[in-house]
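Bear in mind these aren't lab numbers, they're just calculated from the coordinates by the rules spelled out. It should be emphasised that the depicted structure is a prediction, and the values quoted were computed from it without experimental measurement. Note: ideal-geometry Cβ built from the backbone for every residue, glycine included; neighbour counts use all protein chains shown.
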Amino acid sequence: MAGKPLKIVPPVSGVAEIYDLGRGPESTAERVQRLQAEARMLAREEVERLERDMRRLAEQARTIADGGEAYPAGIRELTGRISVDTVQRAEILQALLQRLG
């Protein structure tokens with residue numbers, strides 16, 4: 001048998017839904033609830049990603065602020081403030097996410 005070799009496909013990240021063929025079609029209300037739950041989950045993931053990105057940005061700003069004479073004084077001062085402000089806002093996002101559960 002001379003065919004193309006099989007290609008290994010990486011697993012898909014995220015949640016895969018298994019549909020029970022024996023349960024019948026979902027009602028409109030069930031579908032709305034499922035879609036709303038999915039939208040909330042996606043929104044939470046987006047906020048978590050933003051929080052991580054803000055922490056990375058704060059770290060990069062802190063690196064520049066602590067960079068010494070390689071960076072002009074005004075830039076060091078500004079990036080120092082950006083670092084502090086960004087960390088505080090990331091912490092607020094994290095606290096809000098924890099409160100929401």
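Sort the following peptides by mean Cβ neighbour count (other Cβ atoms within 10 Å, averaged over residues), highest first: 23-33, 54-64.
Details: 23-33: 9.3, 54-64: 16.0.
Top to bottom by mean Cβ count within 10 Å: 54-64, 23-33.
If we count other beta carbons within 10 Å of each Cβ, what is the order of 81, 89, fewest first?
On the way: 81 11, 89 15.
Listed from fewest to most nearby Cβ atoms, that is 81, 89.
Quick check: pseudo-label points 7 Å beyond the Cα along Cα→Cβ at residue 81 and residue 26, how many nm apart are they?
Here the answer is 4.9 nm between the modelled labels.
For residue 60 and residue 100, what does the FRET efficiency come to when R0 = 30 Å and r is the distance between their Cβ atoms, rounded to the nearest 0.05? Walk me through the numbers before you get to the answer.
Values: r = 28 Å, r/R0 = 0.93.
Result of the calculation: an efficiency of 0.60.
Using a ≥ b ≥ c from the Cα gyration tensor of the chain (square roots of the eigenvalues), is it rounded, prolate or oblate, where a/c under 1.5 gives rounded and otherwise the larger of a/b and b/c decides, a/b for prolate? The partial results should precede the final answer.
Working: a/c = 5.80, a/b = 1.77, b/c = 3.29.
Cα axes put the chain in the oblate bin.
With 10 Å bins from zero, work out the P(r) of the stretch 43-100 over every alpha carbon pair and list the percent per bin.
Pairs per bin, as whole percents: 26, 41, 22, 10, 1.
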